[in-house]
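J.: Got a structure for you, questions after.
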Amino acid sequence: QGRQQDEVLRVTTVTRRGVAADDAREAVSTLVLRLARHGAGRLLDRVKHELRTDSAAVQKRDAHYFFCLAEWLLAWRRERAAVLSRRLSRAAREGSSSEDFSESVFFPRSLLKLVDVFTVKSCLDDLSRAKDRKQRLEVERSASLYREILRALEALQHGDRDSRKDRSRLAKKEVPPDETCSAVASGMLDKVFFAPEAADPLPTLLRDWKGGQHTKRYACDLVEILHATTKIMDSHKHGNSQEYLRKILKPVQTLDIYGALLEAFSSNAPAINHFVYAFLRRVAQCPLEGMTD
């Protein structure tokens, strides 16, 4: 039963095609939109309160279901943002639109509760705990949520970059990212990557990866996390993507992951092949100094 519920919660992260799949995605999107507008914030606050206080009402797997729900909602946000971006692009070419394309439409504000300190810390703590206990499936599940959290923080920090140019073109003026959301995202990224107690889990996850012991989905999650992390390092004032690249190249498992995905190049999703190409391009352009330390 738990596995069935997991599959239901992952519906937006699975590639499906056809009329029935389109209808299912539209139904799910309508449901989540209504939830986001009418009570998602209160629901998430209540769930996190129960988890935070560790009351008797909390069951052992409740945190697991919360993480699955959080990943699902953030994955839905990203998929819907891509759909809206395509609509916006058409409207920008036509020069007018009656549809609302504000930043809050691309990132419903009630979902900000999924990238707060409690959720991010809980995800990172669960990753560390599962790794220490060698619970590989738990590590993979928390890594999927961490991937979506990074993507969400990236979108908040810069605004929805895929749509900002078209929104500026439609508004006939530069549309900056929301200052409040950008400050929140920057503060959270500082805690994860640049604070004295920074808890970036990726180097350890890469070092612990072993071929044949993890799923292909997990390997895809890791390369997407690395792709998002290097982009954050590129744009952050304290970031250094070349130094970070040298750090994650030290364990040989990093290149093993990319080698395994290159072997499956023809069956990979286009986005995964893009992440592999972007990484290899970075490696080719990275200066050799410090690589042998």
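J.: Which distance in nm do the two modelled labels at VAL252 and ASP116 give, with both placed 7 Å along the Cα-to-Cβ direction?
T.: 4.6 nm
J.: Now, a different point. Using a basic spin-label model with each label point 7 Å from the Cα along Cα→Cβ, how many nm lie between PHE194 and THR180?
T.: About 2.3 nm separates the two model spin labels.
J.: Within the range 226-293, report the trypsin sites (Lys or Arg not before Pro) that DSSP leaves as loop and that have at most 10 other Cβ atoms within 10 Å.
T.: Within the range 226-293, the qualifying trypsin sites (Lys or Arg not before Pro) (loop, at most 10 other Cβ atoms within 10 Å) are LYS237.
J.: Set the Förster radius R0 to 51 Å, insert the Cβ-Cβ distance between ASP132 and ARG87 as r into 1/(1 + (r/R0)^6), and round the FRET efficiency to 0.05.
T.: FRET efficiency, ASP132 to ARG87: 0.65.
J.: Quick one: putting +1 on the C-beta of Lys and Arg, -1 on the C-beta of Asp and Glu, what dipole do you get for the range 174-293 around its Cα centre, in Debye to the nearest 20?
T.: 420 debye
J.: Kindly flag which residue pairs out of LYS216/LYS237; LYS216/LYS250; LYS48/LYS210; LYS113/LYS210 have an alpha-carbon separation exceeding 31 Å in this structure.
T.: LYS216/LYS237; LYS48/LYS210; LYS113/LYS210
J.: So, by mean Cβ neighbours within 10 angstrom, what's the order for 126-137, 258-269, 73-84, 141-152 with the highest one leading?
T.: 141-152, 73-84, 126-137, 258-269
J.: Under a 1.4 angstrom probe, counting protein chains only, how are HIS238, HIS49 ranked by accessible area, largest first?
T.: HIS238, HIS49
J.: Next question, about the same structure. No solvent, one uniform scatterer per C-alpha: report log10 I(q)/I(0) for the range 181-265 via the Debye equation at q = 0.23, 0.25 1/Å, two decimals.
T.: -1.15, -1.28
J.: Let me ask something additional. Between GLN213 and THR53, how many nm apart are label points set 7 Å from Cα along the C-beta direction?
T.: 4.1 nm
The values are calculated or read from the model by the stated rules, or taken from the named source; none is laboratory data. In this text, all values refer to a predicted model and were calculated from it rather than measured experimentally. Note that we place each Cβ from the backbone using ideal geometry, even for glycine, and neighbour counts take in every protein chain shown. With ligands, DNA and RNA removed, areas are computed over all heavy atoms of the protein, side chains included. Shrake-Rupley method; radii C 1.70, N 1.55, O 1.52, S 1.80 Å.
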